[in-house]
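These notes are about the structure you will find just below.
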Amino acid sequence: MEEPKEKKLLQWHPGFYAGLQIELEEDADNLEFQNEYQIGTKPKEIDVLIVKKNMENPVHKNIGRIFRKHNIIEYKSPGDYISIDDYYKVYGYACFYKSQTAKIDEIKIEEITVSFVCEYKPAKLIRHLKEQGCRIKNVEPGIYHIEGMRIPIQLILTSQLSKDENLWLGNLTKNLKERETAEKLVLEYGKHEKDPRYQAVMNLIVEANQEVFSKEDEKMCEALRKIMSDELEERENIGRTEGRIEGRVEGRVEGRAEGIIETGMEIGLSEEDILGKLQKKLDVSLQKAQEYLHMFGKQMV
C-alpha cells in the first residue's frame with residue numbers, strides 16, 4: 001500500500017498581499033503598500049502596512065473605507081484564527097508604530113487604523129470584546145467595525161465577503177466549491193495574466209483547490225491551460241536557456257581542468273599538487289577536483 005503523499009505547505013501571505021493590492025487597485029495611486037513592515041530593532045513585523053498618501057482622497061473599495069493615514073493589517077491564513085492575544089498584540093504594534101518616530105507625536109493616534117483579516121468569525125474574541133464594552137457592527141457582508149476602542153478597528157471575514165466586489169480575497173480559501181466562481185476567477189485572471197500580483201494569487205487559489213480545477217472539468221482546465229500556456233512556455237524556455245548556459249560553463253571548466261592536469265603531469269607534479277592547482281584555479285571542491293583528475297588523468301596515462 002502506498003503511503004499518502006504529504007500535503008504541500010501553502011504560503012498564504014504572499015497571495016494575500018497580492019490579493020489585497022488587487023482589491024485596492026482603484027486607489028493604488030493614493031496608497032503605499034509595505035509587506036512585513038518591521039517595527040523597532042527586534043523582530044516585530046506588521047503583516048502589511050498601507051500608508052495613505054493624500055488624506056483628502058477617500059478610499060473607494062469597501063475593505064479600505066475605514067483607512068486613515070497609517071493602516072495596519074493582520075492576516076491569518078485559512079484554518080488559522082485571530083485569538084484574544086493576537087488582537088492585543090496587534091493593537092500593541094499599532095501603539096508601538098506610533099511611538100517609533102523622530103519627533104514626539106509625529107504620527108497622531110487619530111491617523112492609525114487596524115484591520116484583522118481571517119476566514120471565519122473568531123467567536124471567542126468577539127465575545128471577549130463585547131464583555132469589554134465594545135460594539136461589533138456589521139457594515140456590509142464580511143466587514144465588521146469594532147467600536148469603543150481609541151483606534152478604529154475592522155474585522156474582515158473573507159468567507160463572508162461579496163464574491164462580486166471582493167473576488168480575490170473572498171476566494172483566498174481551501175474550500176472553493178462553486179464551478180461558476182472558479183470560471184469567473186479564470187476569466188478575470190485572463191485579463192491580467194501578465195500581472196505578477198494576479199499570478200501570485202491565482203496560482204495559490206489553484207494550488208489550494210485542485211479538485212475544482214481538476215481534469216474532470218475539461219472546459220475549465222482547457223481555459224486555465226490556455227491562459228497559463230504563455231507562462232508555462234516562458235518557464236520552459238528559461239529552463240532550456242539555463243541548461244545550455246550550465247552546459248557551456250561546465251564544458252569550459254572541464255577544458256581548463258584537462259589543461260591543468262596535462263601540464264602538471266608533463267612537468268612531473270604529484271597527484272596532490274595537481275589537485276591543489278585544480279581547486280585553486282577552478283575554485284571547486286576536493287571531490288570535484290578528484291573527479292576531473294580521474295576523468296582526464298586516466299586518459300593521458
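Bear in mind that the values in this text are calculations on the coordinates, not laboratory data. Predicted model only: the values in this text are computed from it and were never measured. Here the Cβ is made from the backbone with ideal geometry for all residues, glycine too, and neighbour counts use every protein chain on show.
With a sphere of radius 12 Å drawn around the Cβ of residue 130, what net charge do the other residues whose Cβ falls strictly inside it have (Lys, Arg +1; Asp, Glu -1)?
Here the charged neighbours net out to +2.
Sum up the charges of everything whose Cβ sits under 9 Å from the Cβ of residue 55, counting Lys and Arg as +1 and Asp and Glu as -1, but leave residue 55 out.
It works out to a net charge of +2.
Answer rounded, prolate or oblate for the range 41-116, using the Cα gyration tensor with square roots of eigenvalues a ≥ b ≥ c: rounded when a/c is under 1.5, else prolate when a/b is larger than b/c, else oblate.
The shape class here is oblate.
Tabulate in residue order the Karplus-calculated ³J(HN,Hα) for the range 175-192, using 6.51 cos²θ - 1.76 cosθ + 1.60 with θ = phi - 60°, rounded to whole Hz; enter x for Gly and Pro.
10, 6, 10, 6, 5, 5, 5, 4, 4, 5, 4, 4, 5, 5, 4, x, 7, 10
Enumerate the amide H contacts of residue 79 below 5 Å, restricted to partners 5 or more residues apart or on another chain; note that Pro and chain-start residues carry no placed amide H.
119
Going through the cross-link list 61/98; 44/177; 53/130; 121/163; 61/121, which pairs have a Cα-Cα distance over 28 Å in this structure?
Going by Cα-Cα distance, 44/177; 53/130 fall outside the 28 Å limit.
Could you derive backbone 3J(HN,Hα) for the range 18-33 from the dihedral phi with the Karplus parameters 6.51, -1.76 and 1.60 (θ = phi - 60°), listing whole Hz in sequence and x where the residue is Gly or Pro?
Rounded to whole hertz, the list is 5, x, 4, 5, 5, 4, 9, 4, 4, 10, 4, 5, 9, 10, 10, 9.
Distance in nm between label sites at residue 26 and residue 83, each 7 Å beyond Cα in the beta-carbon direction?
3.8
Sort 132-138, 30-36 for me by packing, meaning the mean count of neighbouring Cβ atoms within 10 Å per residue, highest on top.
Descending packing order for the listed peptides: 30-36, 132-138.
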